[in-house]
Amino acid sequence: MNRIYLIGNGYVCDFITKEPHPSYEFIGVCRSKKNNCDRNISIDISKDNEDLGSLIKDKSIVVYLAPPQQGGIRDLTLENFLLNINKQNIKKIIYISTSGVYGDKNDQVVNENAAVCPITDRAKRRVDAELQIKKSSLTYTILRVPGIYGKGRLPLKRIYDKTPLIKKNICKHTNLINVNDLVRIIINCFNNNRTSGVTMNVSDGSPIKTTEYYLHIYDFLKLAYPEFINYEKANKLYDNKRKSFINESRILDITLMNQLLPNIIRFKDVREGIKNSLV
């Protein structure tokens, strides 16, 4: 049986472990102990801890989803993890990064060879994390993931609060992926040698304007649309995290994903993904 350690056992991990996988034993690792895995371990990987050295057993696979600490441009949490674990016991590490490492490409198509140009400190920490993984001597797969949506992760509060949206005709594009598709990608990377040593964009392959995404949810809920505003007003109204999303745009080229993991995406149409998330 393959032992899979889920580091940063949060939203995505709940979907990884939702369906039975007889070939895998899932071990969830996070600060607060949960009960969603075959075994769950409570440990703070950001701190020097003797338990880290003996955490990973045998030749195991690690899915690293833990976010970096707040502040700075280095991922000190990952740095501590890599410093203290027994690397010989890791068969492969799958690191969940972000497409935010590319920065603002002004709606241009970007593949994995495009230069990273992170704007926010949050994205800079992810660039640092990717470099740490590549320098670690571990067999790795790095997934550059865009906005994740799914059951329990739709912007329903903003919808019901009628938060104003950018005017559709000036709104920039975003990339999305349904959590169920992301889980299929992660699981298919476990023992897939073709994905080893690879940094890969992942998405549903259907770039969409952020406003259109919200309007699809409004339509499914049969709610009246909110006010539409320009970027100047949005930058005064939105919080910093959302401002970074609306002011950065790019279209992810997923040619490599389609070559290595053909037919992996089920929810290519975001409307079907939204429908599945609301039932």
* To do: Quick one: angle between helix 121-135 and the longest Cα principal axis of the chain, in degrees between 0 and 90, rounded to 10, please.
  => 30 degrees
* Asked: Given the pairs Lys243/Lys268; Lys168/Lys243; Lys34/Lys243; Lys92/Lys134; Lys162/Lys209, which span a C-alpha to C-alpha distance of over 21 angstrom in this model?
  -> Lys243/Lys268; Lys34/Lys243
* Asked: What angle, in degrees between 0 and 90 and rounded to the nearest 10, separates the Cα long axis of helix 210-221 from the longest principal axis of the Cα atoms of the chain?
  -> 80 degrees
* Each residue of the stretch 105-110 in turn: what ³J(HN,Hα) in whole Hz from Karplus with 6.51, -1.76, 1.60 and θ = phi - 60°, glycine and Pro shown as x? -> 10, 6, 6, 7, 6, 10
* **With Cα atoms, 0 to 90° folded angle of helix 179-189 axis to the chain main axis** => 30 degrees
* the chain, relative contact order in percent, only Cα pairs under 8 angstrom and at least six apart counted -> 18 percent
* Structure fact -> Taking R0 as 45 Å and r as the Cβ-Cβ distance between Gln70 and Asn276, the FRET efficiency 1/(1 + (r/R0)^6), rounded to the nearest 0.05, comes to 0.85
* Estimated inter-spin distance, Lys59 and Glu19, nm [label 7 Å along Cα→Cβ] -> 2.7 nm
* Structure fact -> Listed with the fewest Cβ neighbours within 10 Å leading, Val270, Val202 appear as Val270, Val202
* Structure fact -> Full extension between Asn263 and Gln108 adds, at 0.36 nm per residue less the Cα distance, a length in nm of 53.4 nm
* **Cβ-defined net charge surrounding Val29, 11 Å radius [Lys, Arg +1; Asp, Glu -1]** => +2
* Structure fact -> So, with points 7 Å from each Cα along the Cβ direction, the Ser196-Leu223 label distance in nm works out to 4.8 nm
* Modelled FRET efficiency - R0 30 Å, Phe245 with Glu50, Cβ distances, 0.05 increments -> 0.15
* Springs between alpha-carbon atoms under 10 Å, Gaussian network over the chain: tell me which of Pro262, Pro22, Pro164 tops the mean-square fluctuations. => Pro22
* To do: Calculate the tail of P(r) for the stretch 101-227: the fraction of all Cα-Cα distances greater than 25 Å, expressed in %.
  => 37 percent
* To do: Would you kindly state how much longer the chain becomes between Ile170 and Asn36 on full extension, computed as 0.36 nm times their sequence separation minus their alpha carbon distance, in nm to one decimal?
  => 44.0 nm
* When the chain is fully extended, how far beyond the present Cα-Cα distance does Gln88 get from Thr139, taking 0.36 nm per residue of separation? -> 17.3 nm
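Any read-out appearing in this document is the output of simple, stated calculations on the displayed coordinates, not a laboratory observation. Everything quoted here is computed from the prediction, not taken from an experiment. Cβ: placed from backbone, ideal geometry, glycine included. Neighbour counts: every protein chain shown.
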